[in-house]
Every structure is written in C-alpha cells, then in structure tokens.
Amino acid sequence: MKVLLIRHGLTRLGEEHRYQGSLDDGLSERGRAELKRAELSPARVFVSPAKRARETAEILFPQAEQIVCPGLREMDFGMFEGRGWWEMEDDPAYNAWIESECRSRCPQGEDREGFSERVCAAFEEILARGGHGDVLVLVAHGGTQMALLEHCGRPSREYYRWQRPCGCGWELDYDPTEKTLTVEREIAFLK
C-alpha cells in the first residue's frame, strides 16, 4: 500500500521560527498561498487534530472526508511553546533539553520516546481500520514524520533527517509483513 505522509503548511509561529507543538495556530496567509491542490483525490484523509493540519488537508484534498487522529498531533513542547530558541538560550531547562539531543522531557510537555510511541501507535490504529484502498494519506507535522519514520522508515535514517519542509512530505510503500515504510520519493504540494 502506498502511504503519503505530509507536513502541514506554514503558520505564523513557523514563520517566526518558534516552537509550536500543541499550540493550535492555523495556517498563515503565506502558508495558504504556498499550497496547491493535490492531483490525487482520496475519499478520506487522516489528520492531526491541529487546525494547521486540518486546513492543509482541506486545501490539498477538498473533497476528502477528514478523519481526525489525536495520536498524530505534534510533540508537546511544554513551556517552550510559542518561544524561539534565542529567547531561551540562557534558560537552564531549555539548555538541558538541547544537551539531551531533545530526547528528555520538555518541562510540562513530552519526551521524544513517549511522543514517538504515541505516533507509532496511532499509525497502527489507522492501519487496523482498513479500507484505505491503494493509498493512505496522512496530514500531520514535521515531528510526526520524524517519529514514525525513525521507527519504521527505510532506508534507516536518524530522526532529524526525516523532516521535510512545510507543505512537503514522503511517498512511501508500506510492507505489512515487515511493518516498514520504504521511501519511494519526496513529495511537495507547493506552488
């Protein structure tokens, strides 16, 4: 089965290079203007509950039913959300998180291992629903892409090497026997 794993379009917080996480910021004007309708017309699309993911799915696949999957939401960055790295460079909690290669728990948020487990479990639940036809479309976040593909993407890559820009993603082939997602190509839905 083919899987399209797409990152949402650009937001105001993204334009400002701020941690967004669980903050529910919608697409910016620029983010909306950059996206183009997909040529593919799936009957349904699985989306993160975040407004930015749902708005992106509406632009790319306006005819599709959106199935909201809470497990696909972005990592919760806790007290770092809404802030830029330059505002926290003297914050001991932020520096400790960075020194852990962003693996430790964000204060009042998630750690990377728990986040990755949540995303992978959500993907398994989506697969178990069945009835996806030839293509399964997911519209979520950069973190969602990295978490899922670090776990089961092929060829194997380090977490951060899986991230794609806003409005872009991966076309993958899912092997149910091996439970792997093999890269077919990078995809973009930008004008």
Taking region 68-82 as the search range and keeping residues that are more than 17 Å from ARG7 (Cβ to Cβ) and out of contact with any helix residue (DSSP H, G or I) (no Cβ under 8 Å at 6 or more places or on another chain), which one is surrounded by the most Cβ atoms within 10 Å (Cβ to Cβ)?
-> GLU81
Taking region 84-106 and keeping residues closer than 21 Å to TYR159 by Cα and not small (Gly, Ala, Ser) leaves TRP85, TYR94, ASN95, TRP97, ILE98, GLU99, GLU101, CYS102, ARG103, ARG105, CYS106
Sole residue being under 26 Å from ARG37 (Cβ atoms) and not in a strand (DSSP E or B), chosen from ILE187, ILE126 | ILE126
Going by the conditions given, is ARG32 in contact with a strand residue (DSSP E or B) (Cβ under 7 Å, 6 or more places away or on another chain) and assigned to a helix (DSSP H, G or I)?
-> no
Any residue in region 135-154 that is under 16 Å from the mean Cα position of the chain (by Cα), in a strand (DSSP E or B) and β-branched (Val, Ile, Thr)?
-> yes
Only residues that are loosely packed, with under 13 Cβ neighbours inside 10 Å and either within 22 Å of GLY14 (Cβ to Cβ) or in contact with a helix residue (DSSP H, G or I) (Cβ under 7 Å, 6 or more places away or on another chain) (or both): list them for region 104-124, please.
-> GLN108, ALA121
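Throughout, read-outs are computed from the coordinates displayed, never taken from laboratory work. Predicted, not measured: the structure shown is a model, and the values here were computed from it. Note that each Cβ is placed from the backbone with ideal geometry, even for glycine, and that neighbours are counted across all protein chains shown.
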